[in-house]
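The values are calculated or read from the model by the stated rules, or taken from the named source; none is laboratory data. The model shown is predicted, which means the values in this text are computed figures rather than measured ones. Here Cβ is always computed from backbone atoms with ideal geometry, including for glycine, and neighbour counts include all displayed protein chains. These area figures cover heavy atoms from the full protein model, side chains too; ligands, DNA and RNA do not enter into them. Shrake-Rupley method; radii C 1.70, N 1.55, O 1.52, S 1.80 Å.
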Amino acid sequence: MTDTVASTDTAESVADFADRARAWLAANMPRIDPAHPPCSVRAEQASWDRAKELQQRLYQGGFAGICFPREYGGLGLDYSYQKAFDAECRHYEMPLILNVPTFTICAATILDMGSEEQKRERISAAVRGEEILVQLLSEPSGGSDLAGVITRADRRDGTWIVNGAKTWSTSAFAGDYGLLLARTDWTVPKHEGLTMFLVPLNAPGITMRRIKEVNGNEEFCEEFFDGLVLGDDAVVGEVNGGWEVASRQLFHERRAVGGGSEFASGTGAENASEMPPDHVTLAEATGQGDDPRIQDLAGRALARRIVKQQLIEHVASAIGNGSLPPNAGTLIRLFHAETTELEIDTALAIAGTAGVVDEGSADDPAASDLLDIGVRYLSRQTGSLGGGTSEMARNVIAERILGFPREPAADRGVPFNQVKRNKT
């Protein structure tokens, strides 16, 4: 990793880049009031419109897509410049909800696997703040077996006709294009007959519905494809080579979920519900600040948070220098999920009944904060599902990083049309 980067007309050090970013941010981006931080709600279109506006400001100022190549709308700089910018922008409102899945997953995958036209059009549009990219992977009957998808794309009259359904698609209602994995050959083993498509979400043949979660959120969507027509230019990678694209996509997702991607546009919590709980404040609000047991619980959570940040740096640099394989990003993903669960569990343990029972003190900010912990607990498990379950993450670590034997699979090597699937 170099200290400077050459452009067409200049070479700027990381320090000079940070100085320039600091001045530009102060003059052009909204500064965050720590007492009233901005709140991006992924389920609301207004949040996505605001994120696009902020991204357009970054682009106009020359600070968008720092690690994306110049020919695709970025700056073509290495990770050290992105990290320097992240350090400077922490106190400013940033389009953070664009990070996942647009930049760190979808655009990164297109950069690795897409055609030249897809890179120039879709990555550039995202970097300019004009388009949002989403994932269309999970299926109603698919569980965690991504290679077992049954949404099909059939070749007909020089086009692809897509029929099937996807579900749990993050923020798909706000998306412009989606990466859709479909089955294009049923006569070969399941991993060999898949193709990835880049789908315009406003195309005829797509019906989208919002999914309401137990906490009332409606961020996720389900999509139904009925005769969706796509051209060959929609194929990402090779026909029947979709598993390679999906694997790369999962690689980027697992790094992104843990906060280890160089393609993020700024860093930090998207809103209050994404911020790590303040266990010390919770303990004091409940009169337990001097309780040794509570101090121990809070200390364990804080130590874990510190270790997570160090792990991100270690794994990112190790993947970069080749001492760890690309799949090592799964280490970040797993540790992030476990850390989030520990932090939320610890917060609820400190809050006690105040975290789950509304005692009628709605005008008391402290009481409201305690009750919010109970609401956050309802979605604590999401970090253990994104990018594949934590159980699958452990399999990846065991088999592809540590070299343990693969677990048995009854459908390995079997043509997909001969695999038993939910049949009575």
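Worth pointing out:
- Strands (runs of 3 or more DSSP E) contained in the stretch 191-285 and holding at least 3 residues open to solvent by less than 10 Å² (accessible area, probe 1.4 Å): 194-200, 220-230
- Screening the candidates S115, S138 for the property of being hydroxyl-bearing (S, T, Y) and at pLDDT below 95 yields one hit, S138.
- Residue match in the stretch 69-89 (condition: within 17 Å of L133 (Cα to Cα), out of contact with any Lys or Arg (no Cβ under 7 Å at 6 or more places or on another chain) and not β-branched (V, I, T)): yes
- Criterion violated by G287 - all others in (1) at pLDDT 90 or above; (2) in contact with a strand residue (DSSP E or B) (Cβ under 9 Å, 6 or more places away or on another chain) satisfied: (2)
- Any hit, the stretch 250-267, residues being among the small types (G, A, S), over 22 Å from P69 (Cβ atoms) and in contact (Cβ under 8 Å) with a residue 60 or more places away in the chain: yes
- For the stretch 337-369, taking the residues that are within 14 Å of D278 (Cβ to Cβ) and at pLDDT 75 or above, the one that is most open to solvent (accessible area, probe 1.4 Å) is identified as L348.
- Whichever residue in the stretch 121-160 is assigned to a loop (DSSP other than H, G, I, E, B) and under 21 Å from T104 (Cα atoms) and, among such residues, is most open to solvent (accessible area, probe 1.4 Å): E130
Conditions tested, residue by residue: (1) surrounded by fewer than 19 Cβ atoms within 10 Å (Cβ to Cβ); (2) over 20 Å from the mean Cα position of the chain (by Cα); (3) assigned to a loop (DSSP other than H, G, I, E, B); (4) in contact (Cβ under 8 Å) with a residue 60 or more places away in the chain.
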site	(1), (2), (3), (4)
F17	no, yes, no, yes
W24	yes, yes, no, no
C39	yes, no, yes, yes
S47	no, no, no, no
Q56	yes, yes, no, yes
A64	no, no, yes, yes
C67	no, no, yes, yes
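- Among the candidates L334, L324, the residue that is outside the structural domain of D112 (by the TED database), within 16 Å of I397 (Cα to Cα), open to solvent by less than 50 Å² (accessible area, probe 1.4 Å) and in a loop (DSSP other than H, G, I, E, B) is uniquely L324.
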